[in-house]
Amino acid sequence: MATSQPPALIDLIDQTTIISLLSTLAILAVAFAISRRALDASTAPSCRFLFVWHAFDALIHFCLEGSFLYHCFFSWVVPAATKDMDKDLFFPNPHNFLGYADGRVHGAQAGGENPFAQLWMVYAKADRRWAGVDLGIVSLELLTVFVVGPAAVLVCYDIAKKNTARANLVMIMLATAELYGGFMTFCPEWLVGSVNLDTSNFMYLWVFLVFFNTLWVWIPLYAIYIAAADVFDAYRVRDAAGVVKKRN
């Protein structure tokens with residue numbers, strides 16, 4: 001019996017995919033441009049890198065993941081329209097989502113020609129949960145957009161103002177949240193055999209799933225390393241000076 005071959009890489013790269021990838025590079029360019037304006041020449045390379053990362057992080061959360069939430073809550077189609085959807089990517093609503101039990105579906109899959117909906121439908125080819133409403137992901141993204149995003153802005157502000165004490169504290173908290181969020185995004189899927197993931201080709205596996213998601217693993221670990229080293233150094237200086245802070 002003949003088995004189907006995974007599509008060639010060139011067949012996966014269409015205009016929407018190219019625009020989606022370029023949008024990420026554009027956000028990185030904006031983050032770098034902000035760093036050029038906000039930081040002075042004496043800023044340490046590690047701090048400059050972490051400023052760019054947190055600016056990039058905040059913009060990704062606000063612009064891209066914020067658009068995901070928008071479509072989850074405000075884009076929907078009536079049941080009759082679902083027959084026109086791509087059934088390979090279709091992701092049904094959880095029961096009683098937002099109080100509706102009439103079979104309507106929400107998410108990027110209901111966003112039509114909206115550019116952000118199209119972007120998420122490209123990513124949904126690798127992980128179809130992002131085509132619709134997965135309650136675990138939506139819950140994490142609410143925290144990401146409304147808590148983690150502003151926290152990343154605060155880190156950028158503190159680095160620019162050389163408020164290293166608060167920058168280090170918030171970076172450690174933020175990096176821990178990013179690592180936890182990544183684990184909670186994929187662990188539930190791994191436990192059911194990755195039924196919503198498509199790892200059949202290089203683009204979906206190594207670009208969409210591995211590269212873009214492990215950025216939020218390795219760089220947060222680096223942020224923790226830099227921030228923790230600075231905190232430990234401050235304690236060493238205090239201990240060497242024989243200073244003991246009295247606690248109430």
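Descriptive notes on the structure:
- Of the residues making up the range 113-133, those that are outside any loop (DSSP other than H, G, I, E, B) and of a type in the set (Gly, Ala, Ser) number 2.
- Verdict on SER4 being modelled with pLDDT under 90 and of a type in the set (Ser, Thr, Tyr): yes
- Test: GLY136 is touching a Phe, Trp or Tyr at 6+ places or on another chain (Cβ under 9 Å) and either under 26 Å from VAL231 (Cβ atoms) or in a helix (DSSP H, G or I) (or both): no
- Among the residues of the range 129-145, those identified as of a type outside the set (A, V, I, L, M, F, W, C) and under 11 Å from the mean Cα position of the chain (by Cα) are GLU141, THR144.
- Filter pass, ASP239 being touching a residue at least 40 places away in the same chain (Cβ under 8 Å) and of a type outside the set (A, V, I, L, M): no
- Condition check for LYS162 on (1) more than 19 Å from ALA234 (Cβ to Cβ); (2) not in a helix (DSSP H, G or I); (3) not β-branched (Val, Ile, Thr): one failure, at (1).
- All of (1) among the small types (Gly, Ala, Ser); (2) more than 23 Å from ALA126 (Cβ to Cβ); (3) at pLDDT 95 or above hold for SER67 with one exception: (2).
- Extreme residue, surrounded by the most Cβ atoms within 10 Å (Cβ to Cβ), among residues of the range 88-133 that are in contact with a Phe, Trp or Tyr (Cβ under 7 Å, 6 or more places away or on another chain) and of a type in the set (Gly, Ala, Ser): GLY107
- Of all residues in the range 28-48, those that are of a type in the set (Phe, Trp, Tyr) have Cβ atoms under 9 Å from Cβ atoms of residues that are in a helix (DSSP H, G or I) and surrounded by 16 or more Cβ atoms within 10 Å (Cβ to Cβ), 6 or more apart or on another chain, in PHE32/VAL52; PHE32/ALA55; PHE32/PHE56.
- Residue that is modelled with the highest pLDDT, among those in the range 152-167 that are of a type in the set (Gly, Ala, Ser) and crowded, with 20+ Cβ neighbours inside 10 Å: ALA152
- When the range 70-87 is filtered for residues that are crowded, with 16+ Cβ neighbours inside 10 Å, assigned to a helix (DSSP H, G or I) and modelled with pLDDT of 85 or more, the ones remaining, listed by number, are TYR70, HIS71, CYS72.
- ALA152 falls short on exactly one of the conditions (1) in a loop (DSSP other than H, G, I, E, B); (2) more than 26 Å from VAL195 (Cα to Cα), and that condition is (1).
- The residues of the range 172-191 that are touching a residue at least 40 places away in the same chain (Cβ under 8 Å) and of a type in the set (Ser, Thr, Tyr), listed by number, are THR176, THR185.
- Residue in the range 229-242 that is exposed (fewer than 14 other Cβ atoms within 10 Å of the Cβ) and within 18 Å of the chain's Cα centre (by Cα) present: no
The values are calculated or read from the model by the stated rules, or taken from the named source; none is laboratory data. Computed from a predicted model, the values in this text were never measured in an experiment. Note that each Cβ is placed from the backbone with ideal geometry, even for glycine, and that neighbours are counted across all protein chains shown.
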